[in-house]
1. Do the conditions hold for Ile421, that is, is it on the phi < 0 side of the Ramachandran plot and not in a loop (DSSP other than H, G, I, E, B)?
2. Restricted to the range 385-408, and to residues that are of a type outside the set (A, V, I, L, M) and touching a residue at least 60 places away in the same chain (Cβ under 8 Å), which residue is farthest from Gly485 (Cα to Cα)?
3. Can you name every residue in the range 347-365 that is in a helix (DSSP H, G or I), out of contact with any helix residue (DSSP H, G or I) (no Cβ under 6 Å at 6 or more places or on another chain) and either among the acidic types (Asp, Glu) or surrounded by 15 or more Cβ atoms within 10 Å (Cβ to Cβ) (or both)?
4. Considering only the range 248-272, state which residues are at pLDDT 95 or above, polar (S, T, N, Q) and either over 22 Å from Ile459 (Cβ atoms) or surrounded by fewer than 20 Cβ atoms within 10 Å (Cβ to Cβ) (or both).
5. Does Gly455 fit the bill of being in a loop (DSSP other than H, G, I, E, B) and at positive phi?
6. Which helices (runs of 4 or more DSSP H) does the range 273-346 wholly contain that include 2 or more residues that are exposed (fewer than 14 other Cβ atoms within 10 Å of the Cβ)?
7. Residue pairs, Cβ under 7 Å, 6 or more apart or interchain, first in the range 473-499 and buried (at least 22 other Cβ atoms within 10 Å of the Cβ) and of a type in the set (D, E, K, R), second modelled with pLDDT under 95 and assigned to a loop (DSSP other than H, G, I, E, B). List them.
8. Please enumerate the residues belonging to the range 172-192 that are of a type in the set (A, V, I, L, M, F, W, C) and either part of a helix (DSSP H, G or I) or surrounded by 18 or more Cβ atoms within 10 Å (Cβ to Cβ) (or both).
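The values are calculated or read from the model by the stated rules, or taken from the named source; none is laboratory data. In this text the structure is predicted, and so the values were computed from the model without any measurement. Using ideal geometry, Cβ is built from the backbone for each residue, glycine included, and neighbour counts are taken over all protein chains shown.
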Amino acid sequence: MEKGNLRRLAIFAYFDAQGEVDDYVPYLLRAVGEFCAKQVIVVNGALTDRARAVLNECCDELIQRPNEGFDITAYKEGFLRENTGQYDEVLFYNQTIFGPVCPLDEMFSRMEQADVDFWGLTRHKGAKAASWDDTVPIPPHIQSFFFAVRGKMLHSEEFLRYWQELPVIGSYWEAVEKHEIRFTKHFAALGYRWDVAVHTEDLESLNDYPLMGMPVELLEKRGCPFFKRKNFMTKRHIYTTCPQGAATNALYRYLREHTSYPTKLIVQNLLRTEPLSDTVQSLGLCVKADERPACDVSGVFTLVMIDSDALAALLVPRLDELARGTVCRVVYAGEQLCAAWDAQISVPHEAEIAAVSPAEYLMQNLEEIRTKYRWMLFLHTHLQLLLEQFADATSMLSAIEALHPAPCAAAMQNDENIGLIVPLSPSHQETLTMGLNLPRHENELRKMGAEAPLGKWAIASRGGMFFARTDALSALSLPQNAMEGTYPLWDFVPPLWAQKNGFLTVFSATHAQAVNEWFNKSGMLEEIQSLWATKGKTRYDQIEFRMKAILDFYYERRYHMTLQQAFEGPLTLKQKVWICLQIFMKPKTFERLHKLLGGKEKPAQQPHDDLD
């Protein structure tokens, strides 16, 4: 039964690249549907049979159309197909929000009483110029992911004409420019009154986008029932300047500790649709490995594999602490190693000799482990040499310090979404850019069943050591060389493995490790920045923009020249001018100039060579 005094039509725009529907969508639709006389879902693109059935249960009408024109054109089609004369209000919203985190009665009741012609959830304060085009000013406006129109405006010729004359939309930025930043100003100029349900004017001097940068403030103190899906995939540095770099972590903790909203709905969607690295980085979850919470670790199976005397000297003395209270098995690569080290382990354990790689052994015994144990600690000494000569003691010690069973098991008990915990990778030699080597393994990972987007870099751990919820693991068919090479495949497998089984991966570190890594990465970043910064342009975003422009120019030259020519050929005056323009102009402005001068389109995919 519809709640409230207004007869409301809801038009919900939906798109999913795989044609699927995750559980957060019907949760959202059912909550909003309680306040609507009719709910129409307009889908851009295809749907699986299962997804169509799920959506049909949540609406009165389902419209499918080609994936064209983004959510705005879906709104248009839904509106123009309905007889809106029988409704007091039409609500437009889409799948880019999670929620609600609280009952919607208060918001809808309050906005029904508001003396307005149209309203939205939140507003954007506006800007002098758009980030994508410095010739486009942005006025204050209602954000288009959730807005409603009522009364005389809803039934006016101007509103009908607006949708009938809406131009073709070919990109996300065109959707913003041709509708979102235009809509509010256009109808306000015609005399229609507007407001928002969640006011943030007092926060706008602190933050460009409070719903993204300060979501807990809006949910906890301002009655905002929704939060943006984008919070969980936006790179951290985008909002550190606005100034909430840890906003997503705070939001996740607030949802778990102070609301009944199931965070598993968020995780389910993100693990299927987004690169794991983006989600993990946005969440910023990290186990405090110094802590020793009271936790029953009898359900932990500790598997230790030793094939190196140098690293065994670091690992064996710590096993008594690490494996105490767990079921422990130590596997040696040979009899000599067993004779040298096993007597030094006093904690109860089973000793075994097996001349296979740690990953192979794990796969061979995984089903038994999953059947008997709740958690698993996996440590080994089969780490690649640094600079082809040094045992990687730093990574070994990092894993030993970070993966103590007590804090790891406690973290998993407290959060059912966590399936795998890996050490915070130490920044040294090859490991600093380890995650960037993901693309070289993409084909193998796809063969092994990785289906979600992989992204440009990966959550990886040196040697693939971890603490895991055994439900997050499943047997895999690994190639024989999975643990060989400088950046072996196995380093990347466990997090993607947990992702496929529906679980997050998080990092673990002691306070000392975290501080050490902060100094390591800060020093490296400052040195890199100092190489590329120029007077007046020292900010990270300015340097990043410059380097992308140089890289684009490099790729563009390679497209027309051989690699050797690109490096050795002298630059012409035109090329020098061109690279300067590309560095200092905004991307959209440069693109317009490029097209105006008859420039060729850049290749969709850059040519590959050994330098990539």
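1. Details: on the phi < 0 side of the Ramachandran plot: yes; not in a loop (DSSP other than H, G, I, E, B): yes.
For Ile421, the condition - on the phi < 0 side of the Ramachandran plot and not in a loop (DSSP other than H, G, I, E, B) - is met.
2. Restricting attention to the range 385-408, the residues satisfying the condition of being of a type outside the set (A, V, I, L, M) are 388-390, 392, 394-395, 398, 401, 404-405, 407-408.
From what's left, touching a residue at least 60 places away in the same chain (Cβ under 8 Å): 392, 395, 398, 401, 404-405, 407-408.
Values: Asp392: 14, Ser395: 16, Ser398: 21, Glu401: 25, His404: 28, Pro405: 29, Pro407: 32, Cys408: 29 Å.
So the residue we want is Pro407.
3. Initially, the range 347-365 is screened for residues in a helix (DSSP H, G or I), giving 358-365.
Checking the rest, the ones that are also out of contact with any helix residue (DSSP H, G or I) (no Cβ under 6 Å at 6 or more places or on another chain) come to 358, 360-365.
Result: Pro358, Glu360, Tyr361, Leu362, Met363, Asn365.
4. Thr259, Ser260, Thr263, Gln268
5. Working: in a loop (DSSP other than H, G, I, E, B): yes; at positive phi: yes.
Yes, satisfied.
6. Details: elements: 276-283, 309-322, 335-341.
In the range 273-346, the matching helices (runs of 4 or more DSSP H) lie at 309-322, 335-341.
7. Correct list of pairs: Asp491/Ala460; Asp491/Ser461.
8. Narrowing the range 172-192 to residues of a type in the set (A, V, I, L, M, F, W, C): 173, 175-176, 181, 183, 187-190.
The answer is Trp173, Ala175, Val176, Ile181, Phe183, Phe187, Ala188, Ala189.
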